[in-house]
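The values are calculated or read from the model by the stated rules, or taken from the named source; none is laboratory data. Owing to the predicted nature of the structure, the values given are computational and were not obtained by experimental measurement. Please note: Cβ atoms are built from the backbone with ideal geometry, for glycine as well, and neighbour counts cover all protein chains shown. Note: accessible area is taken over every heavy atom of the protein model, side chains too, but ligands, DNA and RNA are not part of it. Shrake-Rupley method; radii C 1.70, N 1.55, O 1.52, S 1.80 Å.
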Amino acid sequence: MRRRTHIAAGMACRVMLLGLAIASASAPAIGQQATGAPGGPCYTGTEPNQIISGCNSVLTATSGYTADQIGLALLRRAGALLTLNRNDDAIADLERAVQRNYNRHQASTLIGEIRLRQGRNADAQRQFRSALQINANYPEAHYGLGRALLATGDTAGAIASFDTAIRLRPGYLDALVQRAQAYQDRGESTQALADADRAVASAVGEQKILALAYRGRFRNNAKRYDDAVADCTQANRLADAQGLSNGPLRAAVFTCLGLARTSQGNLQAAKEAYDRALQWEGQDVPALTARGYVAYQAGRFDDAIRDFEAALAIQPNNQDAIRFLGLAYADKGSLAKALEEFEKAIAANANDPWPVMLRAIALARVGDRERALKDANAAFNLAGAGNSDAFLARGSVYYMLEDLEQARRDIDSALQANPDNGQAHLALARLLLRRSRTDEAARSLDAAERTIPHDPGLALNRGLVALQRKDYRTAIRQIGVSLAVNDAFAEGYAARGQAHEGLGQTREAIEDYRTAATKLALDNDGRRAQTLASERLAALLARPATEPSSTVNQSKGAGQGQQPSTAQVPAAAGPHDTVFCRMFEGMFARPRRYTGVDFDAGCRDVTGNR
């Protein structure tokens, strides 16, 4: 998802800059119309509405303008309309220019750019190929065709088109950058970064700023987060030094910085960067989508939904915004709205596996086994055998359906396909915790941290590992780190309440259990956590009023890894009675029914009792 956001960021900036370039292009000698006639601002204006007004005069005049001047007026007005995001009106003018045989290759190329931005890939390819039939040496058309092919996954065809564009125009910055993206999609990160370095080395002025922003994104994708921040920061300093007022480009620089800060796990700094981007360009779709995703990660689902809907109001077929909007509705508990958005994403691109897989996960969360598995397998087939993320996503579906044995097989396959898949290591840790295989879970979390060191799920699961080990202080600290990022769900509060209770800190435990009862609990893990919190809250509130609620002396000396005295442990706790064993009590009948495997053996004490 993040990769597609990067492509969208470059595309939106590129189309906007094309519009500005066309709108700022001057006519050749046009006589008196350039100076005194009503049409003069059409050719000499710099402000979009001024250009549109002037060109309206030219295009409604019955005489006084040559065919070339009318053709140029159509292109000038199209460029101005494009900068105002009036895409359909811009296309109408460009099509009129084609009909008048005025710079048809340029007009067709820009129509292709707009169609590509709208997600109409087949239409875009037709326009670029039409431009190349008119002028086979037009580098912009080769560049556009390469991007259209890249969007369909044809990396070989895309690279060939970018190669031609660069041959025709040596040092072609955008083509270098998009060729780098194609190499990255093929897993050739060394080639990708080499192209990004070439772009930075060859660019000057505003192009240098754009090249640094692009390289920052590629370094971010390569997990060189500090280098990414350095590139984006340098780009912003150069923009300040040049007094640059180009809103789309300034927005692209801050979006670059926001992406790197997000990868570093600094969501507040990321939000501030996206806010700055939107101050420069209020309709910047990549910035809106990325800021929405930061809000989504933080559990601020209403804020996320507002940003995604704002992005879609500008770019209705933006796949990132549609998917993320569906995710936000799903995590908010609005399943019907989530399914509606996933359906839109699927309709926009029937060959994209990820909206189908996201819908499968949403259905599995509510236990709709038949539809969830149908979607999961359809998406898996679309993604292709050997895709690590496809195995992981299907494994997540099985996990939510309580088919833990099949979930384990898919997660193992994900790691075989890509041993560096941090999310797969995280999912395996979760599965191992379900089986009380605590040390193995901790090792999986260590493996996950090597590739996704800032993922908020790491802290929560490390807290759950500590809880199983009865290392209550570590559990409280780690779960607190997770809740500081996202406090929307019941599970973290229920688990921290259990840790407080383990230390005899009854007042704090009651507070956490009460909070857990009010938070979201959308899947089986969350529902079990919420049930546990309600039960423990009732038990603690039923204790005699004279019982101490929380004292310094009770927990004094119970340092990290130390267990409290017997009096401090909840009365119901036994040798293997961790939060997981309580949360999952009675929930293993379904996986046994599907697989015949007894998964809850780890929750029995030495006498064989639960």
In sequence order, calculated HN-Hα J values of the stretch 257-265 (Karplus, 6.51, -1.76, 1.60; Hz; x Gly/Pro) = 5, x, 4, 5, 5, 4, 5, 6, x
Report the percentage of all Cα-Cα pairs in the stretch 37-167 whose separation exceeds 19 Å, rounded to a whole percent.
-> 51 percent
Correct semi-axes for the stretch 142-248, from √(5λ) of the alpha-carbon gyration tensor and rounded to whole Å with the largest first, are 24, 16, 11
Over the stretch 130-213, what relative contact order in percent results from Cα pairs under 8 Å that are six or more residues apart?
-> 21 percent
For the stretch 319-376, just the Cα atoms, rotate onto the principal axes and tell me the three extents in Å, largest first.
-> 26, 24, 12
In this structure, the FRET efficiency calculated for Glu370 and Arg443 from their beta-carbon separation, with R0 = 22 Å, to the nearest 0.05, is 0.05
Taking every C-alpha to C-alpha distance in the stretch 361-447 and binning by 5 Å from 0, the per-bin percentages run 3, 18, 25, 25, 18, 9, 3, 0
Remind me, relative contact order of the stretch 263-304 in percent, using alpha carbon pairs under 8 angstrom and six or more residues apart?
-> 33 percent
Rel. contact order, % - alpha carbon contacts under 8 angstrom, at least six apart, the stretch 373-440 | 27 percent
To the nearest 20 debye, what is the magnitude of the charge dipole of the stretch 111-240 about its Cα centre, counting +1 on the Cβ of each Lys and Arg and -1 on the Cβ of each Asp and Glu?
-> 200 debye
Mind pulling the per residue volume of the convex hull built on the Cα atoms of the stretch 217-335? Å³ is fine.
-> 95 Å³
Taking only protein heavy atoms and a 1.4 Å probe, the highest-to-lowest accessible-area order of Lys344, Lys519, Lys470 is Lys344, Lys519, Lys470
Sequence-distant lysines (8 or more away, or on other chains) whose Cα lies within less than 28 Å of Lys271 | Lys208, Lys223, Lys332, Lys337, Lys344, Lys519
Largest-first principal axis extents of the Cα set of the stretch 277-361 (Å) | 37, 26, 16
When the accessible area of the stretch 277-408 is computed with all protein chains present and a 1.4 Å probe, what percentage of it is carbon and sulfur?
-> 48 percent
Long-range alpha-carbon pairs in the stretch 166-207, meaning those over 12 Å apart, account in percent for 54 percent
